[in-house]
Amino acid sequence: MAHLHTKVWTIDALPNPQIQEAAELLQQGQTVAFPTETVYGLGADATNEKAVRSIFEAKGRPSDNPLIVHIGSRDVLKQYVKDVPAQASKLMDAFWPGPLTIILPSNGTLATNVTAGLDTIGMRMPDHPYAIELLQACALPIAAPSANRSGKPSPTTAEHVYHDLNGRIAGIVDGGRTGVGVESTVIDCTLDKPMILRPGGVTQSDIETAIGPVDLAPSVVKKDEQPRSPGMKYKHYAPDAPIWIVRGGSDRMREVALEAQQQGKHVQFLVSQERAEELGLNEALILGSQKNLADITSNLYDSLRQVDRLDVDLVLAESFSKKGIGEALMNRLERAATKVVQ
Ligand code: TXA
Ligand code: MG
């Protein structure tokens, strides 16, 4: 693909004229990365087939994996969907703007490569002031997957985006670190009983409090099921070195580490502060405190990216609780891992 000069706009406050420049590039059919409350997205005009194609090219993304469409206000939703089921409406009341993508019946208005030919479409209103400002300034629906090269962890800083996509995209709006740190929850509201296709920033219990019982996709519960969300079938987030998740406590982790070290392997640890202390480690990738799973989740992708900068043969990762945000955390960690050790 053609080499582009990738502009970086560092934004500290609003209003900001650089957001206007980014919006104009989007209107011209270019690709621009921007921060959201979950991860950075790589945006392009969702009404422009060619612009959307550049997203797939820049990321090296398989074209059968549909993109999420980002909007800056709820009013425009009806332009792109056939209808908004009552439960979807309630979810928007409760969680928009926020880390929840809602799958709705598409009316076919947007470029066909956005939905990879499906008759449904994922819509989301992000909860980030720069994202909203950008969406409103360009006045377009913006298709945006995470702004990483396909297969790599989603970016939680502008530096991650630059590392993966410099020279491949028109620009990056740098808004500092993102908050949630893993992608939005994806929920299919075209079914009578909505189904969570991807766990994320909004938890199942948050959703059930708002609309009652929902299903969790079989592919989330059990890794080898055929996924309903096309993107969930690809290997994700994987650093170059293999990651093993070690169930059980510090003693088990010590045993597994020792065995690998005896085979001459250089082992690194991806653990909580508490676990690092129990193991007496002076070198580890520390995710945060076990008492704060949200913090651990928000640090996960940066730590996975750090693995590639270290000289290691094997990473042993702690297994965390799947309660609340832990469902999303462990979903991503399991998909990055090559093995679970009991
Ligand atoms: O937090 C997020 O959602 C981020 C930020 C940038 O908004 N975006 C993101 O996009 O994670 P992406 O493309 O990396 O993930 C989109 C997921 C994929 O698993 C895709 O298969 C699924 O949503 N998806 C999109 N449209 C769908 C549809 N119509 N039906 C089922 N799954 C869909
Ligand atoms: Mg992604």
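The values are calculated or read from the model by the stated rules, or taken from the named source; none is laboratory data. Source: prediction; values computed, not measured. Note: ideal-geometry Cβ built from the backbone for every residue, glycine included; neighbour counts use all protein chains shown. These area figures cover heavy atoms from the full protein model, side chains too; ligands, DNA and RNA do not enter into them. Shrake-Rupley method; radii C 1.70, N 1.55, O 1.52, S 1.80 Å.
What to note about this one:
- Among the listed pairs K193/K339; K7/K323; K152/K222; K152/K291, those with a Cα-Cα distance over 30 Å are K193/K339; K7/K323.
- 37 °C / 0.692 mPa s Stokes-Einstein diffusion coefficient of the chain, Kirkwood radius on C-alpha pairs, µm²/s: 160 µm²/s
- The chain - accessible surface per residue (Å², probe 1.4 Å): 42 Å²
- Top of L197, L314, L14 by mean-square fluctuation, Gaussian network on the chain, Cα under 10 Å: L14
- Kirkwood Rh, angstrom, the stretch 236-342 [1 / mean 1/r, Cα pairs]: 13.6 Å
- Annotation: aspartates and glutamates with alpha-carbon distance below 20 angstrom to K322 (same-chain offsets under eight excluded): E183, D206, E208, D215, D224, E225, E274, D295, E334.
- Per-residue 3J(HN,Hα) values for the stretch 102-112, derived from phi via the Karplus relation 6.51 cos²θ - 1.76 cosθ + 1.60 with θ = phi - 60°, read 10, 7, 10, x, 6, 9, x, 6, 7, 3, 5 Hz in sequence order (x marks Gly and Pro).
- Rolling a 1.4 Å probe over the protein heavy atoms of the chain, with every protein chain left in place, gives an accessible area that is 48 percent carbon and sulfur.
- Over the chain: helical MRE at 222 nm, DSSP H runs n ≥ 4 each giving -39500 (n - 2.57), nearest 500: -9000 deg cm²/dmol
- The order of T10, T115 by accessible area, most exposed first and with a 1.4 Å probe, is T10, T115.
- In the stretch 186-226, the alpha-carbon atoms span a convex hull of 68 Å³ per residue.
- Debye intensity ratio I(q)/I(0), log10, the stretch 267-323, q values 0.17, 0.27, 0.30 Å⁻¹ (C-alpha model): -0.50, -1.19, -1.36
- Sorted on the mean count of surrounding Cβ atoms within 10 Å across their residues, most packed first, peptides 20-29, 142-151, 161-170 read 142-151, 161-170, 20-29.
- Close amide-amide hydrogen proximity is noted between D127 and E37, G98, each under 5 Å apart and 5 or more residues distant or on a separate chain (H modeled in the peptide plane; Pro and chain starts excluded).
- Estimated dipole of the chain in Debye, rounded to 20 [Cβ of Lys and Arg +1, of Asp and Glu -1, Cα centre]: 640 debye
- The stretch 90-226: translational diffusion in µm²/s, Stokes-Einstein, Kirkwood Rh over Cα pairs, 4 °C, 1.567 mPa s: 78 µm²/s
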